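Novice: Below is the structure I would like to discuss, written out as structure tokens.
The values are calculated or read from the model by the stated rules, or taken from the named source; none is laboratory data. Just so you know, these numbers come straight off a predicted model, no measurement behind them. As a convention, Cβ positions derive from the backbone with ideal geometry for all residues, glycine included, and neighbour counts pool all protein chains shown. Accessible surface is based on the protein model in full, side chains and every heavy atom, while ligands, DNA and RNA are left aside. Shrake-Rupley method; radii C 1.70, N 1.55, O 1.52, S 1.80 Å.
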Amino acid sequence: MTTDLKGPPLPAPPRTARRVTFRLSAPPVSGVLRPRMLTVTLGLAAAAFLAFCVETATGDISLPLTDVMRALVGAADPGTELIVHELRLPRALAGLLVGIAFGVAGALLQTMTLNPLASPDMMGLTQGAGTAVVAGIVLGWDGGLSTQTLGLLGALTAALVVYLLAWKRGTTGYRIVLVGVGVAWICTSATDFLIAHGRQFQAQAALGWLVGNLNGRTWEQIRPLALTMTVLVPLALLLGRHLRTLQLGDDVARGLGTRVQLVRVTVLLIAVGLVAFGTAAAGPVAFVALAAPQVAQRLAGTAVPPPVASGLTGAVMVLVSDLIARQLVPDTELPVGIVTGVLGAPVLLWLLVRANRAGSGG
């Protein structure tokens, strides 16, 4: 028997291997608990925290993990706290937050379009942000605007173009992805043109940023991303119920009271914000938004990518990739985007092969 605090006993909730439903009479709350999802999320959170601590401990002067944890709570000696807080914490936080931002954005887009290939990398959002930032670097068009503002404007412009070109008495996930691929290539070509016509110093600065890099991150680059995520990530989680109805098809979703086009626009805007500020903080780190939701979906055993698990998976991917990039070549710190590209490319090929075998790959 299941009891609540105010009311008669309720019958035991139905129980299955994959989920546990619960219902309380006071307060009137009901829901579904998925033990596998909860276990996977906690495991990913622990893995992300461990990778974060190892990233903070790694450097020219290696620190024990116990000293790192004491420094995080302000209980270490002044020298250790200086190394952790001023030199290493911004880089580790950048990797953590960028991974979460890209993972959540990828999960939202893949759920909205019902397409595992839908991600900011494939739909032009990342490329739009990159083109705007490179234009500011090479042409001096920033007008005093920050990298975050340029990235946001570029991603918003790319999203608007994608949505308008995909509109035909409404939009569908398939048309959004197809148009997004075209816009992504246009933005990539524009970026290459800007780099080719820029001065050598400007071109080198733009290329170093375009690969996706955590080197030299500062608190000024972290704060805008952290503030943005405190607003957009909760909004993304609140959209979960509406996104689940979209899986039933537009007609059924409308019958259930979901405003389909409004939900799609909202999801696109949230993804744009996460991608723009993440790209401005660390550059367009390749394949994280594509691969992290698919890995999280298979770990959790769900029908669509779970946003929280996807974000944590993205954080683990970015932090572990940065650790590999720092150790792969002696005395050289490679950009993290090189490693995520090498690790993510096989995931993309696997998704393409899987889609083709299922009859949806053309």
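Novice: In the full protein assembly as shown, how much of residue 122 is accessible to a 1.4 Å probe, in Å² to the nearest 10?
Specialist: Taking all protein chains as shown, residue 122 has close to 60 Å².
Novice: Between residue 77 and residue 251, what length comes free when the chain is fully extended (0.36 nm per residue of separation minus the Cα-Cα distance, one decimal in nm)?
Specialist: Using 0.36 nm per residue and subtracting the Cα-Cα distance, I get 56.4 nm.
Novice: Sticking with this structure for a sec: With n ≥ 4 as the cut-off for DSSP H runs, can you work out [θ] at 222 nm for the chain, using -39500 (n - 2.57) per run divided by the number of residues, rounded to the nearest 500? Could the numbers behind the result be given before it?
Specialist: Values: 15 runs with 244 residues, N = 362.
When only DSSP H runs of four or more count, the value is -22500 deg cm²/dmol.
Novice: Taking a probe of 1.4 Å, how large is the accessible area per residue of the chain, in Å²?
Specialist: 49 Å²
Novice: Taking one equal scatterer on every alpha-carbon of segment 211-362, how large is log10 of I(q)/I(0) by Debye at q = 0.13 1/Å?
Specialist: -0.72
Novice: Let me ask you something else. Could you work out the Kirkwood radius for the chain, taking every pair of different alpha carbons, averaging 1/r and inverting it, reported in Å?
Specialist: After inverting the mean inverse Cα-Cα distance, the result is 21.6 Å.
Novice: Would you mind telling me the share, in percent, of accessible area of the chain contributed by carbon and sulfur at probe 1.4 angstrom?
Specialist: On the way: 11940 of 17840 Å².
Whole-percent figure for carbon plus sulfur exposure: 67.
Novice: Relative to the present Cα-Cα distance, how much length would full extension add between residue 47 and residue 61 at 0.36 nm per residue of separation?
Specialist: My answer for the length gained is 2.7 nm.
Novice: Might you work out the accessible area of residue 263 for me, using a 1.4 Å probe with all protein chains in place, and round it to the nearest 10 Å²?
Specialist: The value for residue 263 is about 10 Å².
Novice: Would you work out the relative contact order for segment 197-316, in percent, from Cα pairs under 8 angstrom that are 6 or more residues apart?
Specialist: Once divided by the residue count of segment 197-316, the mean separation gives 29 percent.
Novice: Points 7 angstrom from Cα along the Cβ direction at residue 164 and residue 196: gap in nanometres?
Specialist: With each label point 7 Å from Cα toward Cβ, the separation is 2.7 nm.
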